[in-house]
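Single-structure report; data block below.
Computed from the coordinates by the stated procedures, all read-outs in this text should not be read as laboratory data. Here the structure is a predicted model, which is why all the values come from computation and not from measurement. Methodologically, a virtual Cβ is constructed for each residue, glycine included, from the backbone with ideal geometry; neighbour enumeration extends over all protein chains shown.
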Amino acid sequence: MFRFLTAGESHGQGLATIVEGVPAGLRLDEEFVAHELKRRQGGYGRSPRQSMEHDRAEIVSGVRLGLTMGSPIALVILNRDWENWKTAMSASPVEGDTKRITRPRPGHADLAGVTKYGLDDVRPILERASARETAARVAAGAVARRFLEEFGVEIHSHTLAIGGEWAKVAARVDWQQVEGSLVRCADTVAEKDMMAAIEEAVGSGDTVGGVSEVLAFGVPVGLGSHIQWDRRLDGRIAQAMMSIQSVKGVEIGDAFKAAEERGSQVHDGIVMGGGSRYPWRRKSNHAGGIEGGISNGEPIVLRLAVKPVPTLAKPLASVDLVSGASVQAHFERSDVCVVPAVGVIGEAMLAIVLADAMLEKFGGDSMQETRRNVDGYLKSIGGSR
């Protein structure tokens, strides 16, 4: 079982994550994790904080001499902006006013959070609900990605749309082009239109959302199960994606298009051979790599609907929690567009779910044992890694 927990606040001393369930003997270093964290911070339309932090995770336990030990892995990401927040976010009582926030922002957890926890200050809610928390998730996802790489699983993402501007997607996505794009888009024409949409939003004090696609290649057939609702792989993936801040919808395969088609046009025919790693292959992949809650050997394909960032430079109407007066919502520095970053976070969450599903099926306290189990399974069904 691969599992993780995160801790920390947006303007606290830092973020931490503990990852458990990684077999002993996996090669892992801080540079690999740092690369993933840097990818998360990129993207056109991000706030100035992204250039301030330069996130880097320190591995403080669970790894020795570059190899995992089978024990929990702890990673810590320090917030460089902590120096400016020592008083407001002090763990100990402080003298004087720490400037309560009493104007909740529509679209955030602010109002629901203070109501749920009985607070008169939004600060404790926005600090933890902030998408800053996803840096810790990406660190955990990097560990999962490193594990999956050992079994030939690759995970990528790219931007399909921002602000209503859609990319034309080629049959084969140029991932190098995506990584070099400011909006993580392989379509250079659409890239310019997306950036223009972001600039227009900046000029009007507004924000934009969009759609990101996340894909996993080389996922072995048989992960997940049809046996119980909480073991279905598609359900587990959907929950993981919906937990990402600003994600309001997830589609697996051609889900919404399929709703308008007939079954003969939707389901993926099965044929033998054809260069597949298995004795059979699919004529198409409308299902997005999952059938009946189980991976079917085809690439897993997800699309994430990302809402516009709810913190607006021209705030929406709100109500003061103390006076009850009609006011404008609180504003704090914010991104204008997070669609490219959500794709990277989606990669991390997909890696975590797939690593968990791999260990659920194949087990192993050491990488040697897990490899033996995977190879034995693939051989038994006529497949290869």
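Using only the Cα atoms of the stretch 109-243, build the gyration tensor, take square roots of its eigenvalues as a ≥ b ≥ c, and label the shape rounded, prolate or oblate: rounded if a/c is under 1.5, else prolate if a/b is larger than b/c, else oblate. Oblate. With Cα atoms as the point set, the radius of gyration and Dmax of the stretch 287-377 evaluate to 22.1, 67 Å.
For a Förster distance of 41 Å, can you work out the FRET efficiency between the beta-carbons of Glu149 and Glu95, rounded to the nearest 0.05?
0.20
In the chain, Cα pairs under 8 Å separated by at least six residues give a relative contact order of 23 percent. From the Kirkwood radius over Cα pairs of the stretch 28-182, Stokes-Einstein at 25 °C and 0.890 mPa s returns a whole-number translational diffusion coefficient of 129 µm²/s. Amide H contacts for Val250 (H built 1.01 Å from N in the peptide plane; partners 5 or more residues away or on another chain; cut-off under 5 Å): Ala305.
Of the cross-linked pairs Lys257/Lys307; Lys99/Lys307; Lys168/Lys283; Lys168/Lys248; Lys192/Lys283, which ones have a Cα-Cα span greater than 31 Å in the structure shown?
In this structure, Lys192/Lys283 exceed 31 Å between Cα atoms.
Largest mean-square fluctuation among Lys248, Lys99, Lys168, in a Gaussian network model of the chain whose springs join Cα atoms under 10 Å apart, belongs to Lys99.
Between the alpha-carbon centres of the stretch 130-160 and the stretch 179-201 there is a gap of 23 Å. Comparing Met89, Met194, Met358 in a Gaussian network model of the chain where C-alpha atoms under 10 Å apart are linked, the largest mean-square fluctuation is found at Met89. Sorted into 10 angstrom bins from 0, the C-alpha pair distances of the chain split as 5, 21, 30, 25, 13, 4, 1, 0 percent. Straight-distance candidates among the aspartates and glutamates for linking to Lys86, with alpha-carbon spacing under 17 Å and chain neighbours fewer than 8 residues away dropped: Glu9, Glu53, Glu95, Asp97, Glu127. The phi-based Karplus calculation (6.51 cos²θ - 1.76 cosθ + 1.60; θ = phi - 60°) puts the 3J(HN,Hα) values of the stretch 230-240 at 7, 9, 5, 5, 5, x, 5, 5, 4, 4, 5 Hz, whole numbers, x for Gly and Pro. Dividing the mean sequence gap of close Cα pairs (under 8 Å, 6+ apart) by how many residues the stretch 51-207 holds gives a relative contact order of 12 percent.
The label-point distance for His35 and Arg231, in a model that sets each label 7 Å from Cα toward Cβ, rounds to 3.6 nm. Peptide packing: for 252-258, 204-210, the average count of neighbouring Cβ atoms within 10 Å per residue gives the ranking 204-210, 252-258, highest mean first. Note on the chain: GNM, Cα springs under 10 Å; of Tyr44, Tyr278, Tyr117, the largest mean-square fluctuation is that of Tyr117.
Each Cα pair under 8 Å and six or more residues apart adds its sequence gap; the mean of these over the residue count of the stretch 230-323 is a relative contact order of 33 percent.
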